[in-house]
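The values are calculated or read from the model by the stated rules, or taken from the named source; none is laboratory data. Nothing here was measured: the structure is a model prediction, and the numbers come from that model. Methodologically, a virtual Cβ is constructed for each residue, glycine included, from the backbone with ideal geometry; neighbour enumeration extends over all protein chains shown.
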Amino acid sequence: MKTNIHSLISACAGELKAHELMNLLHISPKFSVWEEGRISRAELAQALNMLLFDGILQRVPSGKAYTDEVIARGGKVTLDHGALRTVRWFGIGDLPPGEAALIRILKPLGYRLQGKYPLDRLSMTGRSYAHIDDPDNISQFFVSELHPERFSREFQEAVTRVLGDSVDPLTPAAVSMLNELDRDGNLNLQQATELLPVLVNCFDRQHGIPSLRDYDILKNESAEMAWIATEGNVFNHATDRVTDVFQTAEEQRQLGRPVKPQVEVSGSGRVRQTAFKAATVVREFRTESGSIMTREVPGSFYEFITRDQMTDGNGVQRLDLSFDTGNAQGIFKMTANA
């Protein structure tokens, strides 16, 4: 059945990719009803998440192998959240600083702030954004900001050099359509199909090739900033919501896959997470002589999470969609230790 989501993904990535992702990912039952020719903010958000998840599968071989097995068993992946890293620093080209570059996209799509998490060991702040129309079924975004002012002067100068030529991928037409989406909650099909690939491009690296010297300066003080220098605003990881993360981790360990040794458990005990180690990728660097060289560096990774039910302030049972500072800082080490 060609729902609005199928039509969007097909227009952006082709019929074959749309069929593949529709079969792989759990899609909210709410999307089985749609308005012909009109795309809701929830449908656009879902299509964007599915395409960003596909990017993870292209960059993380262990995640692709795992999802191939899920399909072979007749199962589905439930995308819980995608995580991104930003830098709250001014003078970084045309791109707004920190999470502001992404919130201007997430808000019109229907996302609202869910929680704030100080990641002090990493000199970062994390914030989660949930979709107001269907928070249990539409993937959240976990956006973290790095604070260069907490590091050395040399580090700050390297951040400025690396990010200084950042470009803004949002076109004037895209900004106009996002404003309309924010106002009305929907777009016509033609507008949505024009906007979607622009939004996908916003979750990428927006700056040029970093110098090897700057990369080493950043890495010496922050593995997370070094990661941003090569990867930018791509998904740092995407997370599969599974029934039993301990069982999933053991199954993957038995298959010889590089799973984190321990499962991170939240203070409440209701949120449990683990992950594959980050994939290794080859990236280009500028040398002091001006030539280009390559080096293997940590890329993105694939994560697993189990969430329990909780009783909210109104006495209603619902899924615990929160995050945990300790869990997040433990999971972030997957790129530091790759």
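Looking at A238, is it in contact with a strand residue (DSSP E or B) (Cβ under 8 Å, 6 or more places away or on another chain) and not in a loop (DSSP other than H, G, I, E, B)? Yes.
Among the candidates V316, V282, V271, V234, the residue that is at pLDDT below 95 and either of a type in the set (A, V, I, L, M, F, W, C) or closer than 20 Å to T67 by Cα (or both) is uniquely V316. Only a single item in (1) touching a Lys or Arg at 6+ places or on another chain (Cβ under 9 Å); (2) in a helix (DSSP H, G or I); (3) of a type in the set (A, V, I, L, M) is not met by A47, and it is number (1). Taken over the stretch 241-269, the criterion of being part of a loop (DSSP other than H, G, I, E, B) and among the polar types (S, T, N, Q) is satisfied by T243, Q262, S266, S268.
Of the residues making up the stretch 153-175, those that are in contact with a Gly (Cβ under 7 Å, 6 or more places away or on another chain) and not in a loop (DSSP other than H, G, I, E, B) number 2. For the stretch 119-143, a residue qualifies if it is farther than 17 Å from I331 by Cα and touching a strand residue (DSSP E or B) at 6+ places or on another chain (Cβ under 9 Å), and the qualifying residues are Y129, A130, H131, I132, D133, P135, D136, N137, I138, S139.
One residue stands out among those in the stretch 68-99 that are of a type in the set (K, R) and more than 14 Å from the chain's Cα centre (by Cα): the one that is surrounded by the most Cβ atoms within 10 Å (Cβ to Cβ), which is R88. Within the stretch 11-30, the set of residues being modelled with pLDDT of 95 or more, surrounded by fewer than 19 Cβ atoms within 10 Å (Cβ to Cβ) and assigned to a helix (DSSP H, G or I) comprises A11, E15, L16, K17, H19, E20, M22, N23. Picking from residues in the stretch 235-269 that are closer than 24 Å to L52 by Cβ and charged (D, E, K, R), the one that is surrounded by the most Cβ atoms within 10 Å (Cβ to Cβ) is D240. When the stretch 270-322 is filtered for residues that are assigned to a loop (DSSP other than H, G, I, E, B), surrounded by fewer than 13 Cβ atoms within 10 Å (Cβ to Cβ) and out of contact with any Leu (no Cβ under 9 Å at 6 or more places or on another chain), the ones remaining, listed by number, are S289, G290, S291, D312, G313, N314, G315, V316. Scanning the stretch 1-36 for residues that are of a type in the set (V, I, T) and closer than 20 Å to G82 by Cα gives I5, I9, I27.
Taken over the stretch 2-47, residues that are at positive phi and without any contact (Cβ under 8 Å) to a residue 12 or more places away in the chain amount to 1.
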